[in-house]
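Please treat every number below as a calculation from the coordinates, not as lab data. For clarity, every value in this text was computed on a predicted model and none was experimentally measured. Counting neighbours? That spans all protein chains shown, and the Cβs are built from the backbone with ideal geometry, glycine included.
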Amino acid sequence: MGNRHLILVATIVCCGCLSTAAIAASAADFNAAYAKAEAANKEAGALKNQWTTTARELKAAQAAATAGKYDEAVKDAQRAEALAKASIAQAKEQAAIWRQAVIH
């Protein structure tokens, strides 16, 4: 049940991120989105639960921004943030489950 919840949360966040791109994004929009994604990814790293898919999205966001495709870059950065947040939620959930299963 826990993994289904994480997938649902990640899907909802991604869908919400995709619907916010009605206005053309700028370099500043990308920088803000990328900073949020990096911060979430660093938090996931501190929990020792960084997902490789997050790193791929961050790399794709950087490449799109370098090419001047800021709309795409912002979407990629927002997806990376959603993935990082899902990995954080997973780490916290698994830590709680472990405590319940092992520590009585």
query: With a Cα-only, solvent-free Debye model of region 60-104, what are the log10 I(q)/I(0) values at q = 0.13, 0.26, 0.31, 0.34 Å⁻¹?
result: -0.45, -0.80, -0.93, -1.00
- prompt: Which GluC sites (Glu not before Pro) in region 28-104 pass both tests, a DSSP loop state and at most 10 other beta-carbon atoms within 10 Å?
  reply: none
- request: Mind counting lysine pairs for me in region 22-104? Cα separation below 24 Å, and the two need to be 8 or more apart along the chain or on different chains.
  value: 17
- request: Just add up the charged neighbours of Thr54: K/R +1, D/E -1, any other residue whose Cβ is under 15 Å from the Cβ of Thr54.
  value: +3
- prompt: What is the calculated FRET efficiency for Ile97 to Gln62, with r their C-beta to C-beta distance and R₀ = 35 Å, to the nearest 0.05?
  reply: 0.50
query: What is the set of long-range amide H partners of Ala25 at a cut-off below 5 Å, with H atoms built 1.01 Å from backbone N?
result: Asp71
- line: Applied in sequence order to region 93-100, the curve 6.51 cos²θ - 1.76 cosθ + 1.60 (Karplus, θ = phi - 60°) yields integer Hz couplings, x standing for Gly and Pro, of 5, 5, 5, 5, 5, 4, 4, 5
Ratio Rg/Rh [Cα only; Rh per Kirkwood] for region 30-71: 1.02
